[in-house]
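See below for the structure under consideration.
The values are calculated or read from the model by the stated rules, or taken from the named source; none is laboratory data. As the structure is a computational prediction, the values presented were derived from the model and not from experiment. We place every Cβ from the backbone using ideal geometry, glycine too, and count neighbours over all the protein chains shown. Surface areas here come from the heavy atoms of the whole protein model, side chains and all, with no ligands, DNA or RNA. Shrake-Rupley method; radii C 1.70, N 1.55, O 1.52, S 1.80 Å.
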Amino acid sequence: MMKKKWIAAASLVTTAAALTLGGAYYGYRTAFSGDKRFHAPVRYVPDGAAFDPYREKMLDGIDRICELPFERWTITSHDGLKLVGKFYEGEKGKPVVLFFHGYRSSAERDSSGGAQFCREKGYSMLLVDQRCHGESEGRTITFGIQERQDCKRWAEEIVDRLGTDVKILLAGVSMGAATVLSASELDLPEQVKGIWADCGYATTADVLRHTARRWGWPEWPAYQLVKLGARLYGGFSPEECSPVEAVKHTDLPILLVQGTEDTMVPCEMASEIQTACKGPVTLVTVRGAEHGISFYVDTPTYRAALEKFCADIF
């Protein structure tokens, strides 16, 4: 009888362990896998009433970038990955905007609004493929945790190639915004003069929990399984650093932009980041804007804020 009980208990433990590991792997594949089959096409604009009025403008902006000549740059990340970027040369002596795109997206898509402003100002742009995206190598997307080190490497590369007199603006949308904000606490080159972050989340953990709720999953155990999957299969923790903690340790000026109707990154996350900032910070909220389209929803307000921010830091 005792032997049967031990066998039943062992079977139960084995089943629970298998289910936990299976759930963790599913969580890893869903959230962090760098499989490019999951990525959106460059000309992708989500369906729905929030995006429909701006669809043609967005597609036109994407097409304009794709038609521009560029120089292909490559670097090696701190952990040995080949990373690729496209350098669009502006006017001599003008600043360089180092831009990071969002989760499973592309730089051409996510920069399509702001790039118009940069081109008109004569700024050079370096649009990078984040690790696991485009031409860049990698197997795990870490929501800005490893990517922030890539940001530092790219900034150093700009200085190496263009000289110590260059001025750099870090910029990003969504996960790209989280990347540049998280990088703010690192030992960045002194040529980095500010950060422009559009719809970045406060912490990876919070945005994962929010996504689980948005998809109708129970926050527990969904987040715990995703967190375990990150550790077991991705080699990192979603909680090891965050934008909201990083900005407590930088004096760099920061421009935050956030849409009030953003369903992917709640508007209150921008306020949380603003409150945490040690240095000068400006928060621009765009009424009615969904995720990543604030530039198109209220172009005059966005451009005016960006114009003032760049005038102040450069």
Which loop trypsin sites (Lys or Arg not before Pro) in the range 199-281, with loop taken from DSSP, have no more than 15 other Cβ atoms within 10 angstrom of their Cβ?
278
For the range 121-205, which GluC sites (Glu not before Pro) pass both filters: DSSP loop (anything but H, G, I, E, B) and at most 14 other C-beta atoms within 10 Å?
135, 190
Principal axis extents for the range 156-314, Cα atoms only, whole Å, descending order, please.
50, 37, 26
Whole-angstrom gap from the range 33-95 to the range 116-177, using each part's C-alpha centre:
11
Computed over the chain: relative contact order in percent, which uses C-alpha pairs under 8 Å that are six or more apart
17
Reviewing (1) 20.6, 63; (2) 27.3, 108; (3) 20.6, 84, the figure for Rg and Dmax of the Cα atoms in Å actually calculated from this model sits under (3)
Which net charge results when you count Lys and Arg as +1 and Asp and Glu as -1 among the other residues whose beta-carbon is under 13 Å from that of residue 221?
+1
Low-density loop cleavage sites - trypsin sites (Lys or Arg not before Pro) in the range 55-105, where at most 10 other Cβ are within 10 Å (DSSP):
92
Net charge over other residues, Cβ less than 10 angstrom from the Cβ of residue 64 (K, R count +1; D, E count -1)
-3
How high is the FRET efficiency between residue 64 and residue 251 when r is their beta carbon distance and R₀ equals 45 Å, given to the nearest 0.05?
0.80
Probe 1.4 Å, all protein chains present, accessible-area order of 152, 94, largest first:
94, 152
Relative contact order %, the range 25-181, counting alpha carbon pairs below 8 Å whose residues are six or more apart:
28
What's the whole-number percent of alpha carbon pairs in the range 96-139 lying beyond 16 angstrom?
35
